[in-house]
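Visitor: One structure coming up, written as structure tokens, with questions to follow.
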């Protein structure tokens, strides 16, 4: 390999410079989602509202990155007051827009220098190779079934999968899933207390394991620092 080829290869391995505009957009996206989440959690009036705009806006915090709040109880709640197709269309519209934000946000994260080792990982490369054998089908199955969807948000960016194909897969998988959920909620009209319990259970199920792993990692890092310091 010539010196010029080697230099070209090294340059290709260096993450792209992240412009101030991208940083601003990334920060703005995170801020807006956190703001919506805080408003939702802190306002009883909004949580009890039956306005479709609330349903639309709720799609952002419940579908953004690794969501900390579930979507199912809220969709079931609105299904008591609106036709399943109405709940589906509003929910899917918010979800598709949120997934576009997810794609943009993960692109920013992937471009960070600190993320370069992850991109070069052999394990990640194997996962991407498997995903690329049937990317649309993989996204569709994950979007329709109850399996965790957030890994695919990362994967589509790492695999450089078309954002439009990704959004199409999201739309065609989430729409029937949301419709079945809304149909169930419209038919059985689950009491608010049960929905609140379901909401709490889903939050604990999703977030407690993540919090536990984070705490364990924090403790391990502290031990390593003490060992190095001692």
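Visitor: Within the range 96-105, does at least one residue satisfy the condition of being more than 27 Å from residue 171 (Cα to Cα) and surrounded by 14 or more Cβ atoms within 10 Å (Cβ to Cβ)?
Guide: So far as the range 96-105 goes, no, none of its residues is more than 27 Å from residue 171 (Cα to Cα) and surrounded by 14 or more Cβ atoms within 10 Å (Cβ to Cβ).
Visitor: Which numbered condition trips up residue 89, out of (1) modelled with pLDDT of 95 or more; (2) in contact with a helix residue (DSSP H, G or I) (Cβ under 7 Å, 6 or more places away or on another chain); (3) within 22 Å of residue 142 (Cα to Cα)?
Guide: (2)
Visitor: Let me ask something additional. Restricting to the range 37-65, count the residues that are under 17 Å from the mean Cα position of the chain (by Cα) and loosely packed, with under 14 Cβ neighbours inside 10 Å.
Guide: Going through the range 37-65 one residue at a time, the tally reaches 0.
Visitor: Next question. What is the number of the single condition among (1) more than 21 Å from residue 66 (Cβ to Cβ); (2) touching a residue at least 12 places away in the same chain (Cβ under 8 Å); (3) out of contact with any helix residue (DSSP H, G or I) (no Cβ under 6 Å at 6 or more places or on another chain) that residue 150 does not meet?
Guide: Residue 150 satisfies every listed condition except (1).
Visitor: Taking the criterion of being more than 19 Å from residue 70 (Cα to Cα), part of a helix (DSSP H, G or I) and modelled with pLDDT under 80, would at least one residue in the range 28-50 satisfy it?
Guide: Yes: one or more hits.
Visitor: I'd like to check which helices (runs of 4 or more DSSP H) are fully inside the range 111-185 and have at least 3 residues that are modelled with pLDDT under 95.
Guide: Correct list: 116-120, 122-131, 150-158.
The values are calculated or read from the model by the stated rules, or taken from the named source; none is laboratory data. Quick caveat, the model's predicted, so the values are computed rather than measured. FYI the Cβ positions are ideal-geometry reconstructions off the backbone, even for glycines, and counts take in every protein chain you see.
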